[in-house]
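Peer 1: I am attaching a structure below and will ask some questions about it afterwards.
The values are calculated or read from the model by the stated rules, or taken from the named source; none is laboratory data. Quick caveat, the model's predicted, so the values are computed rather than measured. All Cβ positions, glycine included, derive from the backbone under ideal geometry; neighbour counts span all protein chains shown. Protein only, heavy atoms only, side chains kept; ligands, DNA and RNA dropped before computing areas. Shrake-Rupley method; radii C 1.70, N 1.55, O 1.52, S 1.80 Å.
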Amino acid sequence: MKIVLIGFMGSGKTSVANRLAKELNLKSIDMDEMLLQSSGYESINEIFEKNGERYFRILELEVARRLEDLKDVVISTGGGVVSNKKTITPLCKNSVVIYLKLTFDTARKRVLEKKIIPPLFQNIIEAEKLFIERESLYAAYADIVIDTNKIGINEALEKIIVELEKGKYGR
Ligand code: S3P
């Protein structure tokens, strides 16, 4: 089974992916981490600062292509994968796509608590514009939608497992 977690920054994709992978005995893969490992950069912020978003998106597309045919994995994506059809298409192939939904206000609160603020959250007004642009895209690619506004990781995990059982996704 290939599970792909999508959603805006702050939606908890990485934490949920790690826990879900353990629960289902699958491998957890974090796209941003994989991108850093293969490109040799120290951080996503460094890539944006030195080479800009466009370059980051090229690296992200390369990673997405490497994930196309994987099985038995839970993939935590970067929040921007839905903006490029070429990137989201290989990720979605033969997978169950789970959208961790939240409001912009919740995203803002969660992201601003982090030690490192992601490059596309450094300007709050621009971040909100991105959020609005992407909401319908996340929904369009999702097989399962989990509203994470008022719940923590444990509850999100429970809800996901219930949905997976319901959906007969061929586990
Ligand atoms: C991005 C989200 C980040 C990271 C990069 C761009 C985005 O990942 O890929 O900073 O465009 O929303 P997270 O969603 O894991 O924070």
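Conditions (1) more than 22 Å from Gly152 (Cβ to Cβ); (2) touching a Lys or Arg at 6+ places or on another chain (Cβ under 7 Å), marked per residue:
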position: Leu5; (1), (2): no, yes
position: Ala21; (1), (2): no, yes
position: Asp30; (1), (2): no, no
position: Ser39; (1), (2): yes, no
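Peer 1: Moving to a separate point now. Would you mention how many residues in region 57-92 are open to solvent by 50 Å² or more (accessible area, probe 1.4 Å), assigned to a loop (DSSP other than H, G, I, E, B) and within 22 Å of Leu130 (Cβ to Cβ)?
Peer 2: Here the count works out to 1.
Peer 1: What number of residues in region 5-52 are under 13 Å from the mean Cα position of the chain (by Cα) and away from the ligand (no atom under 13 Å from the Cβ)?
Peer 2: The total comes to 1.
Peer 1: In region 1-23, what count of residues is obtained for those that are outside any loop (DSSP other than H, G, I, E, B) and buried (at least 19 other Cβ atoms within 10 Å of the Cβ)?
Peer 2: 10
Peer 1: Considering Ile132, Ile125, Ile116, which residue is assigned to a loop (DSSP other than H, G, I, E, B) and open to solvent by 90 Å² or more (accessible area, probe 1.4 Å)?
Peer 2: Ile116
Peer 1: Related question: Can you confirm whether Glu53 is within 16 Å of Pro119 (Cα to Cα) and loosely packed, with under 14 Cβ neighbours inside 10 Å?
Peer 2: yes
A quick yes/no check of all residues on (1) touching a Phe, Trp or Tyr at 6+ places or on another chain (Cβ under 9 Å); (2) within 14 Å of the ligand (Cβ to nearest atom); (3) at pLDDT 95 or above:
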residue	(1), (2), (3)
Arg54	no, yes, yes
Asp72	no, no, yes
Asn84	no, yes, yes
Leu91	yes, yes, yes
Lys101	yes, yes, yes
Lys129	no, yes, yes
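Peer 1: With the structure loaded, tell me whether Glu46 is open to solvent by 20 Å² or more (accessible area, probe 1.4 Å), in contact (Cβ under 8 Å) with a residue 12 or more places away in the chain and charged (D, E, K, R) or whether it fails that test.
Peer 2: no
Peer 1: Which residue out of Leu59, Leu102, Leu70, Leu36 is of a type in the set (A, V, I, L, M, F, W, C) and without any contact (Cβ under 8 Å) to a residue 12 or more places away in the chain?
Peer 2: Leu36
Peer 1: Can I ask one more? Which pairs do you get when a residue that is over 16 Å from Gly52 (Cβ atoms) and within 13 Å of the ligand (Cβ to nearest atom), found in region 109-125, comes within reach of a residue that is open to solvent by 40 Å² or more (accessible area, probe 1.4 Å) and of a type in the set (D, E, K, R), reach meaning Cβ atoms under 9 angstrom, with the pair 6+ apart or on two chains?
Peer 2: These pairs meet every condition: Phe121/Arg108; Phe121/Lys114.
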